[in-house]
Amino acid sequence: MSAKQKILLLPGDGIGPEIMEQAVRIIDWLKAERGLDVELSEDVVGGASLAKYDVPIRDEVIAKAKAADAVLFGSVGDPAWKDVPFDRRPEVAILRLRKELNLYANLRPAKLFDPLLSASALKPDVVRGLDLMIVRETVGGVYFGEPRGIETLPDGTKRGVNTEVYTTAEIERVARVAFDLARLRSGRVCSVEKGNVMESGLLWREVVTDLHKREYSDVTLTHMLADNCAMQLVRDPRQFDVMVTGNLFGDLLSDLASMLTGSLGMLPSATLGTPEGTDKQAALYEPIHGSAPDIAGKGIANPLAQILSLAMMLRYSLDRGADSELIEQAVSNVLASGLRTADIAAAGESRVSTAEMGEAVLKELQK
Ligand code: GGG
């Protein structure tokens with residue numbers, strides 16, 4: 001008998017626990033009705049961990065994440081910890097998880113569900129059918145480069161420093177993920193950097209171009225500067241299919257893309273990699289949004305990005321593509337039936353709670 005697959009749940013802060021609860025209801029249903037054979041465990045990260053253990057994430061949790069087949073993550077961030085040194089911020093939890101599990105490729109699909117056409121920030125004719133995939137590098141770049149820190153100069157003024165660093169190997173491995181994905185999609189990759197003003201951007205373009213020539217000449221490769229890309233995403237987003245970019249630009253451009261699909265509350269993600277010294281694939285799944293402390297505890301957050309992250313987990317880590325499609329179809333049907341949480345509701349349209357949206361997806365699955 002094969003061993004149960006291990007899933008580590010890390011709900012985190014703010015709306016994280018509320019939306020995670022809805023994803024867990026679906027996991028329970030898949031276990032009861034579809035033969036999903038997984039063992040769940042749960043732990044605290046972010047502000048919740050700082051409050052209990054005085055650190056954003058414990059070594060023990062990192063070890064559990066490494067041992068798991070997949071991690072389902074909620075969100076981190078808590079205003080109670082905003083005036084503390086960087087290494088005590090809740091967000092360190094997700095950065096450390098990505099780094100220690102070497103999760104270097106963050107897949108952020110931005111897909112517009114047809115029923116949300118009128119919720120998009122763009123006009124229907126520009127955005128109908130939008131389905132793009134941003135591949136964001138997540139263990140390098142300006143989020144991790146050295147030197148970094150805040151120093152006090154002899155005259156008493158302070159200086160904050162971050163450094164954008166990318167090596168050939170770091171660029172090549174994430175570009176490879178983008179090219180491989182493109183082969184399964186439209187065959188097009190747009191690589192995004194800012195090589196007109198940044199050395200790391202120049203190297204990025206050179207490495208992606210070389211890899212393309214050597215191994216992926218069947219894929220159509222274009223290059224775009226990040227500022228132009230932000231503008232083009234708003235002007236004509238359907239010109240893109242797979243996009244590959246660094247840590248910071250990927251973070252910004254995917255938030256921008258989320259508004260083309262109706263809401264930040266709609267976008268899931270998968271972050272994949274291989275921990276150093278192993279050949280095992282590690283994976284973490286999370287909504288692209290943060291902990292939304294302004295609405296935490298009100299029961300109004302949109303759980304769909306978390307539920308769609310579960311769908312990605314089923315596809316990429318658990319080899320359950322059919323269950324993944326069932327969930328995506330259930331979400332689509334629920335949206336088609338007119339149910340809206342506050343973030344995707346038009347003015348005057350009635351709104352359902354987090355739990356009601358979760359319940360509706362579950363009912364749809366049960367049909
Ligand atoms: N679910 C994503 C999340 O919790 N985001 C909080 C955050 O600040 N993340 C930093 C990042 O994505 O780079």
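Among the residues of segment 28-36, are any buried (at least 18 other Cβ atoms within 10 Å of the Cβ) and more than 15 Å from the ligand (Cβ to nearest atom)? Checked against the condition, which is being buried (at least 18 other Cβ atoms within 10 Å of the Cβ) and more than 15 Å from the ligand (Cβ to nearest atom), segment 28-36 yields at least one hit. Examine segment 1-17 for a residue that is of a type in the set (Asp, Glu), within 18 Å of the chain's Cα centre (by Cα) and either part of a helix (DSSP H, G or I) or closer than 27 Å to residue 296 by Cα (or both), and state whether such a residue exists. Yes, segment 1-17 has at least one match. Go through the residues of segment 31-39 one by one and say whether even a single one is part of a strand (DSSP E or B) and modelled with pLDDT of 95 or more. The answer is yes; a qualifying residue exists. Going through segment 317-331 one residue at a time, which ones are without any contact (Cβ under 8 Å) to a residue 60 or more places away in the chain, under 24 Å from residue 103 (Cα atoms) and polar (S, T, N, Q)? Scanning segment 317-331 gives a single hit, 324. Scan segment 40-62 for residues that are assigned to a loop (DSSP other than H, G, I, E, B) and either on the phi < 0 side of the Ramachandran plot or among the aliphatic types (A, V, I, L, M) (or both) and the total you get is 7.
Exactly one residue out of 195, 187 is at pLDDT 95 or above, within 23 Å of the chain's Cα centre (by Cα), surrounded by 13 or more Cβ atoms within 10 Å (Cβ to Cβ) and small (Gly, Ala, Ser), and it is 187.
So is residue 61 within 16 Å of the ligand (Cβ to nearest atom) and within 21 Å of the chain's Cα centre (by Cα) or not? Yes: the conditions hold for residue 61. Residues in segment 132-152 that are outside any loop (DSSP other than H, G, I, E, B) and β-branched (Val, Ile, Thr) were compared, and the one that is nearest to the ligand (Cβ to nearest atom) is 142. Taking the stated definitions as given, is residue 214 surrounded by fewer than 19 Cβ atoms within 10 Å (Cβ to Cβ), under 23 Å from residue 269 (Cβ atoms) and charged (D, E, K, R)? Answer is no for this residue. Tallying residues that are in contact (Cβ under 8 Å) with a residue 12 or more places away in the chain, assigned to a loop (DSSP other than H, G, I, E, B) and on the phi < 0 side of the Ramachandran plot within segment 67-120 yields 13.
Residues in segment 286-308 that are near the ligand (Cβ under 10 Å from one of its atoms) and not in a loop (DSSP other than H, G, I, E, B): 305, 306.
Among the residues of segment 117-168, those identified as of a type in the set (Asp, Glu) and more than 30 Å from residue 205 (Cα to Cα) are 125, 151, 155. Which condition from (1) farther than 30 Å from residue 365 by Cβ; (2) free of Cβ contacts under 8 Å to residues at least 60 places away in the same chain is the one that residue 40 breaks? Result: residue 40 fails condition (1) only.
The values are calculated or read from the model by the stated rules, or taken from the named source; none is laboratory data. Remember, it's a predicted structure, so these values are computed and weren't measured experimentally. Note that we place each Cβ from the backbone using ideal geometry, even for glycine, and neighbour counts take in every protein chain shown.
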